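The values are calculated or read from the model by the stated rules, or taken from the named source; none is laboratory data. This is a predicted model, so every value here is computed, not measured. In this analysis, Cβ positions are derived from the backbone assuming ideal geometry, glycine residues included, and neighbour counts consider all displayed protein chains. Each accessible area value is taken on the protein alone, full model and side chains, heavy atoms only, with ligands, DNA and RNA left out. Shrake-Rupley method; radii C 1.70, N 1.55, O 1.52, S 1.80 Å.
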Amino acid sequence: MNTPAARRPVAVILCLLVLCGLLAWLVPWVMPPMHEDEDGPARPAPQPPAIMLNEALFTQDIRLAPVPVPLPDTWSARGLDDRGIGHYRTRIELASAPTVMWALCMARLSEVHEVRLNGWLVSGAALNLAGSTATAGGHPTMQWISLPPHLLRVGVNHLELSVAHSSRGGLSPVVVGPAGTMQADYLMRQRLAVMLPIWLNVAGAALAVFMLLIWWRRRSELLLGSFGALWTLLAVSNIAHANVGHTTVLLAEAVFYSLQVVAAALLCWTAMVMSGRRQAVSVGILQVSTTVLLVMAVWGLLTDTLEDVRIGSYPLMYAGVVLSLAPLWQETSRLLLHLRFALAAAVVLSLLAGLHDYAYWRGMTSVMDAYWLPYALPVTLAIVGGVLIKRLVGALHQVEQLNADLERRVVERTEALQQANQAKTRFLTAASHDLRQPVVTIGLLIDLLREQVPLALRPMTDRVNEAVSSMEELLKGLLDLSRLEAGTMQPRLQSVALQPLFDAIAAHEGEAAHGKRITLRFRPTADSVVSDPVMLAQILRNLVSNAVRYTEHGGGLVAARRRGDDLHLEVW
């Protein structure tokens, strides 16, 4: 039986498998690098500790005196424009010269940058910093810069970082040290910041494709289809954005913005389907607004004003999503209380993540911040998808219950019908057997009476005799019917010539046909069949008798006709 108690161990096993897979994914990045040596088994190679730089000198114009700032540094938090070019200077003090490869690790460094160590360019390209107010640049991302040991010296090392930002200007603390010491921590951070959202969205996309397949096979499941399409689009968009990263190519930004517009439209459509409020006016407004936003994306791409289009349209898209989700709370009243609040918490989580990401994109939060939606959306969609799958499973369970009830009722009706048939068979057997003897007796008495009545009354006695004979034939038919239904009457198959059978029936039924002034013809035949002679004669006799009885004018024809390998006995 598929009860909740029976399904609970399966859920526990699945959770354990997911946990084991997550641990197997994390362990290789937590373990320190191992090295083989000649003296024994592998052990962690000793490395000097990494150095974290939490202070720097900053200026946006190298002609002006720099000011000290703490790291992480967020330009908007200090009242500066979060777009433009900034210059940082800091120092690295070493007590001994490095002998192995070192590295710089920054959790947030613009993709467009110039990093110099002791005057040597170690990453990026040279930027024109003199009085520049350019706003074209990159976005803050995680960066790893390798430092050959010969570039570092004992004592003070000067580190200069120039960054160009198109948004969210600032810099994270700078960590410098042996590459072997910092590599594991950097890889772990990268996996959590990049690979974890990708895998969450890949898993979500797999479930979304499963929903689409259900809709493909059962088009009435429109809710699963629209939600599966929404989930697939969001997952693919998040995966592509994580792989491509922050791009400064205007065409790529326009494509991602268009995907967001379509996703918002699909979300509103799914909410309409779930709430059952797909009015023509609402659908029309959704279609028109989606078309307008897509046209604005093309216009922003052609006029290089896509950033302004996004700034103005994101609040409108967010408001439309909130308005479309509001009616769903009433539709969830039929769910269990914990499922209802789980759905509410998941939706609120994604809405808050959307607000946060808009603020982060506009540079209103710390430079160390990150987008929340790639993490929140898979959780929200998984909860909503789980509720929809639970609804589908519940519907399938109801169908199974209905089928079981239907089968039970069919069995009950079949048993009742069999009992009724058995009762009818017993009744017919008893009635035909009990009535046949008095009818035979009446027939004998009429035969004796014919010998004693005057000639004038002979026709009347003949008619009475015919009626008794007919009654006897009917009773005989009832008895044969009861035997057939009871299975006690078994056919005895043998070769039966049809012409003698036709002659016998013609002699028996010819007088009745003549009395009704109709013709009864039998087409001569030389064919024979394999059958029970008694049953075949009775069947054919009954058909001919009925034909004579119910034919008012004209006549009847009895014939044997071949059609291919079959022989048809026909009474017309």
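Measure off, as a whole percent, the carbon and sulfur share of the 1.4 Å-probe accessible area of the range 351-429, all protein chains present. Intermediate results must be reported in sequence, preceding the final value.
Values: 3220 of 4970 Å².
C and S fraction of accessible area: 65 percent.
Using a 1.4 angstrom probe on heavy atoms only, work out the carbon and sulfur share of the accessible area of the range 492-572 in %. Mind dumping the intermediate values first?
Details: 2820 of 5290 Å².
C and S fraction of accessible area: 53 percent.
Please list the non-local residues whose amide H lies under 5 Å from the amide H of M368, H modeled 1.01 Å from N, same-chain partners needing a gap of 5 or more.
none
Taking θ as phi - 60°, what are the ³J(HN,Hα) couplings along the range 275-289 by the Karplus curve (6.51, -1.76, 1.60), each to the nearest whole Hz, with x for Gly and Pro?
Ordered by residue, 3J(HN,Hα) equals 8, x, 10, 9, 6, 4, 5, 5, 5, x, 4, 4, 5, 5, 5 Hz.
Tell me the label-point distance for the pair A359, H397, using the 7 Å Cα-to-Cβ offset, in nm and rounded to one decimal.
According to this spin-label approximation, the distance is 4.1 nm.
Sequence neighbours fewer than 8 away in the same chain don't count; with that in mind, list the aspartates and glutamates whose C-alpha is under 12 Å from K424.
Excluding near neighbours in sequence, the set is E485.
Under 5 Å between amide H atoms, partner at least 5 residues away or on a different chain: which partners does V496 have, H built in plane at 1.01 Å?
V529, V530, S531
Can you give me the accessible area per residue for the range 353-455, using a 1.4 Å probe, in Å²?
Details: 6780 Å² over 103 residues.
With the other protein chains kept in place, the range 353-455 gives 66 Å² per residue.
Quick one: 3J(HN,Hα) in Hz for the range 179-185, Karplus 6.51/-1.76/1.60 with θ = phi - 60°, rounded, Gly and Pro as x.
4, x, 6, 9, 5, 4, 5
At most 10 other Cβ atoms within 10 Å and a DSSP loop assignment: could you name the trypsin sites (Lys or Arg not before Pro) in the range 502-572 that fit?
Working: sites: K516, R517, R521, R541, R549, R561, R562, R563; in loops: K516, R517.
For trypsin sites (Lys or Arg not before Pro) across the range 502-572 that sit outside H, G, I, E and B with at most 10 neighbouring Cβ atoms in 10 Å, the list reads R517.
Which whole-number value in Å² is the accessible area per residue of the range 170-318, probe 1.4 Å?
On the way: 7340 Å² over 149 residues.
With the other protein chains kept in place, the range 170-318 gives 49 Å² per residue.
Give me the percent of accessible area attributable to carbon and sulfur for the range 108-209, probe 1.4 angstrom. The partial results should precede the final answer.
Details: 2500 of 4040 Å².
C and S fraction of accessible area: 62 percent.
How are the alpha carbon pair distances in the range 52-95 distributed across 5 Å bins from zero to the largest one, expressed in percent?
With a bin width of 5 Å, the distribution comes to 6, 20, 29, 25, 11, 5, 2, 1.
Between the range 192-244 and the range 370-424, what is the separation of their alpha carbon centroids in Å?
Each part's Cα centre sits 25 Å from the other's.
Amide H to amide H under 5 Å from N157: which residues, 5+ apart in sequence or cross-chain, H placed 1.01 Å off N in plane?
Those lying under 5 Å, H to H, from N157 are I92, E93, L94.
Could you work out, for the range 231-371, what percent of all Cα-Cα pairs fall into each 5 Å distance bin, beginning at 0 Å and stopping at the bin that holds the largest distance?
That works out to 2, 9, 16, 20, 21, 15, 10, 6, 2, 1, 0, in percent per bin.
So, for the range 518-572, what is the accessible surface per residue at a probe of 1.4 Å, expressed in square angstrom? Could you put the intermediate results ahead of the total?
Details: 3520 Å² over 55 residues.
Heavy-atom SASA per residue in the range 518-572 reads 64 Å².
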